[in-house]
Amino acid sequence: MRYNGSMDHISAHINGSVPSKKGKPAERATERGDLMREFMIHLNQSRIKAGLPKLTMPRMGKILEAIPTKDLYYLKTVCEKSKDYSKKFWWEINPKNHTPEAKAKAAKRWEAKKLEDKKQKYRDYYNNL
């Protein structure tokens, strides 16, 4: 009886990947992996410009491991709407930016900015008369 000739290794069945005819495992595509790939592409564009090393899929997995997939869709939407994709991404995944104190501080800055914009609008109006 031959044991090694025609049998697959047990890890091929445990991992859920079945080897293809060429002997390489077939790639598994998941929605989380697609999102990670998309983040990686956008972030690597700005990292290359800044002279930083590229992010890899294992590194993206480690960065995003605590974030549920449904929240990754939100993160993708928020980053796409922002002016600077990379800056928004890194700000959003930082848990320190989402504490009640940080939210209160951001709200205070936002109100101050709105008030300053309103004052500037009146200054511009009266200076142009």
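We did not get these values from a lab; they are worked out from the coordinates using the rules stated. What you see is a predicted model; the values in this text were computed from it and never measured.
Expected output is a single nm value to one decimal: the length gained when fully extending between ASN97 and SER82, i.e. 0.36 nm times separation in residues minus the C-alpha distance. What is it?
The ASN97-SER82 span can extend by a further 3.7 nm.
Quick one: which of LYS83/LYS103; LYS49/LYS83; LYS62/LYS103; LYS49/LYS103; LYS70/LYS114 span more than 23 angstrom between C-alpha atoms?
Check vs 23 Å cut-off fails for LYS62/LYS103; LYS49/LYS103; LYS70/LYS114.
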